[in-house]
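Presented below is the structure to which this report refers.
Where a number appears in this text, it was derived from the coordinates with a stated rule and is not lab data. This structure is a prediction, so every number in the text was calculated from the model and none was measured. Glycine also receives a Cβ, built like all others from the backbone with ideal geometry; neighbour counts cover every protein chain displayed.
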Amino acid sequence: MAANGTNAVQPSIDSNYDRESEIKAFDDTKAGVKGLVDAGVAAVPRIFIQPPRNSGGTPPQAKNQFSFPVIDLGGVGQDPIRRKEVVGKIQDAVETGGFFQVVNHGIPGKVLEEALDGTRRFYEQDAEVRKEWYTRDAGKSFMYNSNFDLYSAPAACWRDTFNCTMAPKPPNPEELPEACRYCALIDHS
């Protein structure tokens, strides 16, 4: 590692570094970032370090405040004019910042709480159980992995993700991990 003029630590250039092999070895563990943390990793592996920017300028400073648009879904099912207005707000939010908060969506608080609890249960279970669900097969109803773009991004993100496809055809219960099966299949009405 080397420090540059902005006091930022940058990875030193190593012509012997085989990033592809390191990525494959990480992915083959099927343990993800949680597996690194559980194993007590003492240093961030190189695949997670962003490469230096080639802009030549000073890196942009992060803002301390984030502001996400709040989009109210109330009345979208009854009023076509309101629906068009809300769709426009969502489109604008996605195109400008990529994030937004939705209110009055009609999903009961109990359902949201159970979704969070199910997610925690999934990640807190034994690593060997999580590994059974680790896949890059987008055709599966449930897909757990680390970084959907692991093999194409310039650096991996420090995250693990699971995705459950619920529409147009909900999965059979056995296609979902037991830890979060209930929250995915409960009646949301």
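Numerical summary
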| quantity | calculated |
| --- | --- |
| In the range 72-116, the residues that are under 30 Å from Ala179 (Cβ atoms) and in contact with a helix residue (DSSP H, G or I) (Cβ under 6 Å, 6 or more places away or on another chain) | Phe100, Glu114, Ala115 |
| Among the candidates Val103, Val94, Val87, Val129, residue that is loosely packed, with under 15 Cβ neighbours inside 10 Å and in contact (Cβ under 8 Å) with a residue 40 or more places away in the chain | Val129 |
| Those residues of the range 117-165 which are out of contact with any helix residue (DSSP H, G or I) (no Cβ under 9 Å at 6 or more places or on another chain), in a loop (DSSP other than H, G, I, E, B), of a type outside the set (S, T, N, Q) and over 25 Å from Arg19 (Cα atoms), in sequence order | Asp126, Glu132, Gly139 |
| From Ala155, Ala127, Ala138, Ala93, residue being more than 22 Å from Asp28 (Cα to Cα) and either in contact with a His (Cβ under 8 Å, 6 or more places away or on another chain) or not hydroxyl-bearing (Ser, Thr, Tyr) (or both) | Ala93 |
